[in-house]
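Peer 1: Structure below; questions to follow.
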Amino acid sequence: MSMPFYVSPEQLMKDRADFARKGIARGRSVVAVQYADGILFVSENPSQALHKVSEIYDRIAFAAVGRYNEFENLRIAGVRLADMRGYAYDRRDVTGRGLANAYAQTLGTIFSSGGEKPYEVELFVAEIGDAAADDQLYRLTYDGQVADEHGFAVMGGAADVVATYLKERYAEGASLADALRIAVAALGHTSDAEDRVIPVEDLEVAVLDRNRSQPRKFSRLRPARLEELLGERGPTAHAPEPPAEPAADAADAAGDNEPPVAPPVS
C-alpha cells in the first residue's frame, strides 16, 4: 500500500507562484509612465492584432503581460463590468479603483484555488483625472495583490532592468515626446549587451490623454506619429527570437486556440 503524497500549503503556494512568475517573465515588458497630460503605455509587441494595451471605459485603460488568452478574458470581463455599472448607475461610478479591486478578487481566487493552475498574467489598471494629481495607476500581480504606483511602473520580461533605467531618468511632468523617448529607450536597454533601438513597427503605444475633447480619453499612437515624436534614433534592431518553449506574451499562439471563457469579475 503506497503512502499518500503530501505537500504543505506553504510549498504548494510557492510552487504556484514560481509557475506564474516564470510564465510572465517569458513575455516582453510593458511600461506605464505618467506625463504632464496623462498616462503613457509602451510595449514591444510586433503583433498588430493582439493588443497588450486596451481601453476599458471613458478614462480607464488596461495593460497586461503574460498569456494572451488569460488576460484577454480578464479584459473582456472588465469591459462588461464597467458597462454594466455605468448603465445601471452613472458613468462616474465606474472607477479604476473599483475595477482593480474586482480584478484582485478574481486573480486571488484563481491563485488560491487548488482545482486549476494560476493565471500567468500581470495587469495595469489606470485612470486619469482632471489634473495630474488625480491620476491613478494600479499594478496587479498573478495572486491578486494590488500596488498603487506613482510616476512609472514596469511589468513582465526584464522588469528590473527596465525599471532601473527609468528610475535614473524619469522626470515628473514630462512632455509626451520626452516620456515616450525614455520609455522606448528603457525597453531597449539591456544589462549585458549594447542597447537596442526598437523599430516603431514593433512598438505598441497608447495614451490616456486628459486634453482630448471627447469623453473617451484613450488613444493609440500609430507608427507615423511615433516616428514624429521619437525623431532620429540610429539603426534599429529587432528583438531576438523567443525561446523554443511556449511563449507567454501577446503572440502566444497556443493560448489563442483555447476557448475564450471569461472568468467572473465581481
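Peer 1: Return the pairs, sorted by first residue and then second, in which the second residue is of a type outside the set (Asp, Glu) and open to solvent by 50 Å² or more (accessible area, probe 1.4 Å), the first residue lies in the range 184-196 and is farther than 15 Å from LEU229 by Cβ and in a loop (DSSP other than H, G, I, E, B), the beta carbons are less than 6 Å apart, and the residues are 6+ apart or on different chains.
Peer 2: Final answer for the pair search is ASP195/HIS189.
Peer 1: Right, another one. Does TYR170 qualify as being in contact with a helix residue (DSSP H, G or I) (Cβ under 9 Å, 6 or more places away or on another chain) and either open to solvent by 40 Å² or more (accessible area, probe 1.4 Å) or among the polar types (S, T, N, Q) (or both)?
Peer 2: yes
Peer 1: Only residues that are touching a residue at least 12 places away in the same chain (Cβ under 8 Å), open to solvent by 10 Å² or more (accessible area, probe 1.4 Å) and either small (Gly, Ala, Ser) or at positive phi (or both): list them for the range 39-76, please.
Peer 2: Across the range 39-76, the qualifying residues are SER47, SER54.
Peer 1: Suppose we filter the range 118-167 for residues that are in a strand (DSSP E or B) and surrounded by fewer than 20 Cβ atoms within 10 Å (Cβ to Cβ); how many remain?
Peer 2: 4
Peer 1: Test each condition in (1) in contact (Cβ under 8 Å) with a residue 24 or more places away in the chain; (2) among the basic types (Lys, Arg); (3) under 30 Å from ASP202 (Cβ atoms) for ARG97 and report the one that comes out false.
Peer 2: (3)
Peer 1: Give me a count of the residues in the range 174-189 that are open to solvent by 40 Å² or more (accessible area, probe 1.4 Å) and either closer than 30 Å to THR109 by Cα or at pLDDT below 95 (or both).
Peer 2: The total comes to 1.
Peer 1: Could you say whether any residue in the range 100-112 is out of contact with any Lys or Arg (no Cβ under 9 Å at 6 or more places or on another chain), crowded, with 18+ Cβ neighbours inside 10 Å and not in a helix (DSSP H, G or I)?
Peer 2: No, every residue in the range 100-112 fails to be out of contact with any Lys or Arg (no Cβ under 9 Å at 6 or more places or on another chain), crowded, with 18+ Cβ neighbours inside 10 Å and not in a helix (DSSP H, G or I).
Peer 1: Can you tell me which residue in the range 5-57 is farthest from the chain's Cα centre (by Cα), limited to those that are more than 27 Å from LEU208 (Cβ to Cβ) and part of a loop (DSSP other than H, G, I, E, B)?
Peer 2: Filtering the range 5-57 for residues that are more than 27 Å from LEU208 (Cβ to Cβ) and part of a loop (DSSP other than H, G, I, E, B), the one farthest from the chain's Cα centre (by Cα) comes out as PHE5.
Peer 1: Let me ask something else. Quick check on my filter: what residues within the range 72-98 are of a type in the set (Asp, Glu) and at pLDDT 95 or above?
Peer 2: Hits for the range 72-98 are GLU72, ASP83.
The values are calculated or read from the model by the stated rules, or taken from the named source; none is laboratory data. Since the structure is predicted, the reported quantities are computational estimates derived from the model, not experimental observations. Neighbour counts are summed over all protein chains in view; Cβ atoms, including those assigned to glycine, are modelled from backbone coordinates with ideal geometry. To get the accessible areas, we keep the full protein, side chains included, count just its heavy atoms, and leave off ligands, DNA and RNA. Shrake-Rupley method; radii C 1.70, N 1.55, O 1.52, S 1.80 Å.
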